[in-house]
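To start, the structure under review is shown below, and the notes come after it.
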Amino acid sequence: MRPLPLPPAAWISLFSLFSFALVGVYVIFLPKMLMLSGYEPSQVGWIFAASPLMRFALPFGFRRIGGVRTGHYLAALGLTVASTLAFFPALERFGCFFLLNLLYGGAMGVILPYVDTIALRVIGRERYGRVRLWGSIGFMAIALWLGKVLVDPRQSLVYLAVLAALTAVSGAVLVRYEHKGSTEETDESAPAGRFSLGRYWAFWISAFLLQVSFGGFYNFFTIYETAHGVSLETTSWLWSFGVLCEIAMLFWQGPLLRRGDLLGLIEISVATTALRWGIFWLWPDSLPMAFAAQSLHALNFALYYTAAIAYVYDLYREKALAQQFFLGITFGLGGSVGAVSAGWVYEADPNGLFLFEAVIALLSWGTLRIHRLRKARHG
């Protein structure tokens, strides 16, 4: 087989660039487009619950068949492109658009953990951040670009389809770096026995609750800020500033991950998430405070995500399945419940949205402390 012209780290970087630019269009601009197309806030919440709901359901099915295989992954890449193209004719019909988001979410729920497992094995946790930061660059670049040039919000569907195609092409190359048709592998240092969520139930509940608390941010932050007099372009800069802080953390977090207590890093990240949502609630009209809150994205997302997937990678023998469950329970079930609950809260009391999210984040921190105590006692 001829060697590829780029090393695996470069292909993973390209995949991250395109896939997170795709996520950027989806979470920043699609909610606003749906509102301008006549959708109610609760309907926006249901639309953005569809994709993560599928991410939650999928791991249970793949657990029964032994994990994600190459064919599943390649089919998911194709389905991502097909579903984003089908968004165009389905936009005016809520039911059809909801179903397409189920398909889109299912495809992404296969793709992202598959690539994360390859990345952790091929480049390791210490270098993972410097590769993953290209995803943050893609997210920030699309936020700034569309915030400046977007005239008709429906144009965001064009960017979705193009970025889905680029994600599929770069993602297809990565099958060259898997082993024997599957990313599943075992680790003798991890606990023996069948994969179990119950053994570390408090950790999984904490991860779920943290992502629930992000529901208001991911799905209503643009709406929330523009409702308080911030322009769409300035809001895109708020998104981008958070991502700049995220990039800085991803670049320099290697020593923390190498020498630090992964669980301790996760606890710090969760605690500062509650602080961040509290700032948005207390000072909804203050741009300086909004930028200060966005600086915490370095901890709340960049450090949390890398430390958490590394922690899960060490915790279980079934590496790929564990990553799929992490994505499913956090961005899946947590994202789904977070989107729906944020839609209900925002519709009832827009100004109380981030108070609600701060309370949920505090509950996440509390259950994480329970996990630490149980792990110290039982291993």
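Of all residues in region 23-49, which are among the small types (G, A, S) and surrounded by fewer than 21 Cβ atoms within 10 Å (Cβ to Cβ)?
Those that are among the small types (G, A, S) and surrounded by fewer than 21 Cβ atoms within 10 Å (Cβ to Cβ): S37, G38, S42.
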Go through region 239-261 and count every residue that is in a helix (DSSP H, G or I) and open to solvent by 20 Å² or more (accessible area, probe 1.4 Å).
-> 12
Can you tell me how many residues in region 290-313 are closer than 18 Å to R121 by Cβ and hydrophobic (A, V, I, L, M, F, W, C)?
-> 5
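Within region 169-192, take every residue that is outside any helix (DSSP H, G or I) and open to solvent by 50 Å² or more (accessible area, probe 1.4 Å) and give me the one that is modelled with the highest pLDDT.
Step one: list which residues in region 169-192 are outside any helix (DSSP H, G or I), which gives 178-192.
If we keep only those that are open to solvent by 50 Å² or more (accessible area, probe 1.4 Å) too, we end up with 179-180, 184-186, 188-189, 192.
Values: H179: 60, K180: 43, E184: 49, E185: 50, T186: 47, E188: 47, S189: 49, A192: 48.
By that ranking, first place goes to H179.
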Using the structure shown, decide if P59 is in a helix (DSSP H, G or I) and open to solvent by less than 10 Å² (accessible area, probe 1.4 Å).
-> yes
Can you run down the residue pairs with Cβ atoms below 9 Å, 6 or more apart or on separate chains, where the first is in region 72-101 and crowded, with 19+ Cβ neighbours inside 10 Å and the partner is basic (K, R)?
-> none
Those helices (runs of 4 or more DSSP H) completely within region 315-379 that have 3 or more residues that are over 15 Å from F217 (Cβ atoms) and open to solvent by less than 70 Å² (accessible area, probe 1.4 Å) are 319-327, 353-378
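Suppose we keep only residues that are among the aliphatic types (A, V, I, L, M) and modelled with pLDDT of 90 or more within region 193-226. Which one would you say is farthest from R377 (Cα to Cα)? Spell out how you get there, then give the answer.
Just the residues of region 193-226 that are among the aliphatic types (A, V, I, L, M), to begin with: 197, 202, 205, 207, 209-210, 212, 223.
Narrowing the set further to residues that are modelled with pLDDT of 90 or more leaves 202, 205, 207, 209-210, 212.
Numbers: A202: 13, I205: 19, A207: 21, L209: 23, L210: 24, V212: 28 Å.
Looking at the filtered set, the residue picked out is V212.
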Consider S236 against the criteria (1) modelled with pLDDT under 90; (2) over 24 Å from A298 (Cβ atoms); (3) crowded, with 22+ Cβ neighbours inside 10 Å: it satisfies all of them except one. Which criterion is unmet?
-> (2)
Of the numbered conditions (1) farther than 30 Å from E40 by Cβ; (2) open to solvent by less than 10 Å² (accessible area, probe 1.4 Å); (3) of a type in the set (A, V, I, L, M), A164 satisfies every one except a single condition; which is it?
-> (1)
Could you count how many residues in region 326-347 are of a type outside the set (D, E), farther than 28 Å from P59 by Cβ and at pLDDT below 90?
-> 0
Quick check: anything in region 340-359 closer than 25 Å to I111 by Cβ and in contact with a Lys or Arg (Cβ under 7 Å, 6 or more places away or on another chain)?
-> no
Reported set for region 281-299 where residues are among the aliphatic types (A, V, I, L, M) and either outside any helix (DSSP H, G or I) or surrounded by 17 or more Cβ atoms within 10 Å (Cβ to Cβ) (or both) is A290, A293, L296, A298, L299
Qualifying residues in region 9-22 (those that are under 21 Å from W237 (Cα atoms) and open to solvent by 20 Å² or more (accessible area, probe 1.4 Å)) - the one modelled with the lowest pLDDT | F20
Taking G278 as the residue in question, decide whether it is in contact (Cβ under 8 Å) with a residue 12 or more places away in the chain and in a loop (DSSP other than H, G, I, E, B).
-> no
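The values are calculated or read from the model by the stated rules, or taken from the named source; none is laboratory data. Owing to the predicted nature of the structure, the values given are computational and were not obtained by experimental measurement. Note: ideal-geometry Cβ built from the backbone for every residue, glycine included; neighbour counts use all protein chains shown. For the accessible areas, the whole protein counts, side chains as well, though only heavy atoms, and no ligand, DNA or RNA atoms are used. Shrake-Rupley method; radii C 1.70, N 1.55, O 1.52, S 1.80 Å.
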